[in-house]
Amino acid sequence: MPDTTLDPTLDPARRSWVPGAATPGADFPLQNLPFGVFRRARTHEAPRVGVAIGDAILDVTACAALGVLDDDGDALDAARACDAPALNPLMARGPAARRALRRALSVLLGDELPAGRQALVAQALVPQAEAELFLPAQVGDYTDFYASVHHATNVGSMFRPDQPLLPNYKWVPIGYHGRASSVVVSGTPVLRPSGQRKGPDEPAPTVGPSRSLDYELELGCFVGQGNPLGTPIPLAEAEAHGFGVVLLNDWSARDLQAWEYQPLGPFLAKSFATTVSPWVVTLEALAPFRAPLAPRAPGDPAPLPYLDTPDDRARGGLALTLQVTLRTAAMRAAGLPPFVVSTGSALDLYWSFAQMVAHHASNGCNLRPGDLLGSGTVSGPVPESRGCLLERTWRGAKPLALPGGEVRRFLEDGDEVVFTAWAERPGAVRIGLGRCAGVVVPRDAAG
């Protein structure tokens, strides 16, 4: 557990005066304070940075204008970076600025704040139900990793049963450069992609809408302070270059992927949409939920020295529970609740985000504020913890039976996929990551 005398924002005894923040099981209590970008719905206001608290959003720029941060120069300076349509300026200022602002906002939102002061701060609150949320950062580069050994083994078993894992997997964090321009915020409709697909019994490829559309349950990590070109990031310093985490859905057209991925890997099968949740949960909020990395299996190689420190081994893992629900158009029409497809844990990842950062920069690659790193599909050891339909239905051979009599091998038009995640343990206040949601739109809906 972190020392709350050093970081009082994590004190589990503290509560907020904002409605909904002290509700048991709430995603956004006082101890969370995730950052995002918003404006009031149905207005032409400029998007700016806010912090989720209970059922509301605290407008950081409005706090600065109201003068409630004037007695903390570091926090005020960080707040001025929040008068922007993306978190990048705040990210670029590094962890000290983020922590200063977080501490000041925690004081303003705590129920120990005098009533008169609360009334002043309340002027900077916007109900979440009345807000429009945006992509939290301008993503310059997006890299997706393959950090779940269970996912890699399952997928390899389908396509290479004699050698599910390639020889490099347990030595190096595998990743590929994704498409940043198609990263979208939760709630954005996902148009069914079209492309070349060729079935095993078809003589030649055809072009058309994907027939095997899938989701991939992932965590994303936003880079905060970057590194100069040519300067690697040591593992011991990697977390200082992180800002926080989000949920990430790396939508995948499996039939397009199967045809195009050799020899250079994913291309059009994954570049049509990647959905992220709107609230970035900071590394400070996650401190009570750090855990040892998953133990390596007997006979697995130890990480090479540049990918190994005692601290990362002891606390590189995140004790986050991740869940996927599916609700079809027919289920919504019948008033049926979402169906829980899988529940997994981020502790099942083979590589930590710090290892991904250190490896990414080990050749001198310059990471920049707002760059997005995906974990790859988070899957566990049992079918109910598998993070995509490719695994959950075993390439369609074991279809899911849904309430109302429907079955799914892959996603159909009208299906809504929602990711949620939360962290809880004794002695700490539960926090959540919010929702990462998308509805599949038919190809002809584009007009």
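The values are calculated or read from the model by the stated rules, or taken from the named source; none is laboratory data. Treat the numbers as computed from the prediction; the structure is a model and nothing was measured. All Cβ positions, even for glycine, are placed from backbone atoms using ideal geometry, and neighbour counts span all protein chains on display.
List of remarks:
- For the criterion of being under 23 Å from the mean Cα position of the chain (by Cα), aliphatic (A, V, I, L, M) and not in a helix (DSSP H, G or I), A96 fails.
- In the stretch 124-142 there is no residue matching the filter, namely being more than 24 Å from E239 (Cβ to Cβ), touching a Pro at 6+ places or on another chain (Cβ under 9 Å) and among the polar types (S, T, N, Q).
- Residue check, A129 more than 25 Å from A294 (Cβ to Cβ) and under 22 Å from the mean Cα position of the chain (by Cα): yes
- For the stretch 346-398, taking the residues that are touching a Cys at 6+ places or on another chain (Cβ under 6 Å) and farther than 13 Å from H150 by Cβ, the one that is surrounded by the most Cβ atoms within 10 Å (Cβ to Cβ) is identified as L373.
- Top-ranked residue in the stretch 163-187 [being free of Cβ contacts under 8 Å to residues at least 40 places away in the same chain and more than 16 Å from H359 (Cβ to Cβ); ranked as nearest to the chain's Cα centre (by Cα)]: S181
- Unique match (being touching an Asp or Glu at 6+ places or on another chain (Cβ under 9 Å) and free of Cβ contacts under 8 Å to residues at least 60 places away in the same chain) among T393, T377, T343, T420: T343
Every residue, every condition in (1) modelled with pLDDT of 95 or more; (2) in a helix (DSSP H, G or I); (3) over 23 Å from A64 (Cα atoms); (4) out of contact with any Gly (no Cβ under 9 Å at 6 or more places or on another chain), yes or no:
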{"position": "A104", "(1), (2), (3), (4)": "yes, yes, no, yes"}
{"position": "V107", "(1), (2), (3), (4)": "yes, yes, no, yes"}
{"position": "E112", "(1), (2), (3), (4)": "yes, no, no, yes"}
{"position": "G116", "(1), (2), (3), (4)": "yes, yes, no, yes"}
{"position": "V121", "(1), (2), (3), (4)": "yes, yes, no, yes"}
{"position": "V126", "(1), (2), (3), (4)": "yes, no, no, no"}
{"position": "A137", "(1), (2), (3), (4)": "yes, no, no, no"}
{"position": "G156", "(1), (2), (3), (4)": "no, yes, yes, yes"}
{"position": "L165", "(1), (2), (3), (4)": "no, no, yes, no"}
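- The condition of being more than 19 Å from A319 (Cβ to Cβ), in contact with a Ser or Thr (Cβ under 6 Å, 6 or more places away or on another chain) and not acidic (D, E) holds for R254.
- Yes/no for G50 being small (G, A, S), under 19 Å from L433 (Cα atoms) and modelled with pLDDT of 95 or more: yes
- Residue selected from the stretch 292-318 under the condition farther than 18 Å from D348 by Cβ and acidic (D, E), by the criterion surrounded by the fewest Cβ atoms within 10 Å (Cβ to Cβ): D311
- Looking across A204, A180, A152, A147, one residue alone is under 30 Å from D59 (Cα atoms) and of a type in the set (G, A, S). It is A180.
- Of the strands (runs of 3 or more DSSP E) that lie entirely inside the stretch 216-312, those containing 2 or more residues that are small (G, A, S) and under 21 Å from the mean Cα position of the chain (by Cα) span 242-249.
- Of the candidates V68, V51, V107, V37, the single residue that is in contact with an Asp or Glu (Cβ under 9 Å, 6 or more places away or on another chain), touching a residue at least 40 places away in the same chain (Cβ under 8 Å), buried (at least 16 other Cβ atoms within 10 Å of the Cβ) and β-branched (V, I, T) is V51.
Residue by residue, here is whether (1) within 22 Å of S379 (Cα to Cα); (2) among the aromatic types (F, W, Y) holds:
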residue	(1), (2)
D250	yes, no
Q257	yes, no
A269	yes, no
F272	no, yes
P278	no, no
E284	no, no
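- Qualifying positions in the stretch 143-154 - under 25 Å from A358 (Cβ atoms) and either in contact with a Ser or Thr (Cβ under 7 Å, 6 or more places away or on another chain) or assigned to a helix (DSSP H, G or I) (or both): F145, A147, S148, V149, H150, H151, A152, T153
- Identity of the residue in the stretch 415-431, closer than 21 Å to R332 by Cβ and touching a Lys or Arg at 6+ places or on another chain (Cβ under 8 Å), that ends up surrounded by the most Cβ atoms within 10 Å (Cβ to Cβ): F419
- The set of residues from the stretch 69-93 being under 24 Å from L120 (Cα atoms), in contact with a helix residue (DSSP H, G or I) (Cβ under 7 Å, 6 or more places away or on another chain) and either polar (S, T, N, Q) or in a loop (DSSP other than H, G, I, E, B) (or both) comprises L69, D70, D72, A81, C82, D83.
- Among residues of the stretch 432-447 being aliphatic (A, V, I, L, M) and either at pLDDT 95 or above or within 24 Å of R386 (Cβ to Cβ) (or both), the one that is surrounded by the most Cβ atoms within 10 Å (Cβ to Cβ) is L433.
- Unique match (being within 21 Å of V276 (Cβ to Cβ), out of contact with any Ser or Thr (no Cβ under 7 Å at 6 or more places or on another chain), assigned to a strand (DSSP E or B) and not hydroxyl-bearing (S, T, Y)) among L373, L326: L326
- Filtered residues of the stretch 201-230 (kept if surrounded by fewer than 23 Cβ atoms within 10 Å (Cβ to Cβ), over 26 Å from A78 (Cα atoms) and not acidic (D, E)): P203, A204, P205, T206, V207, G208, P209, R211, S212, G230
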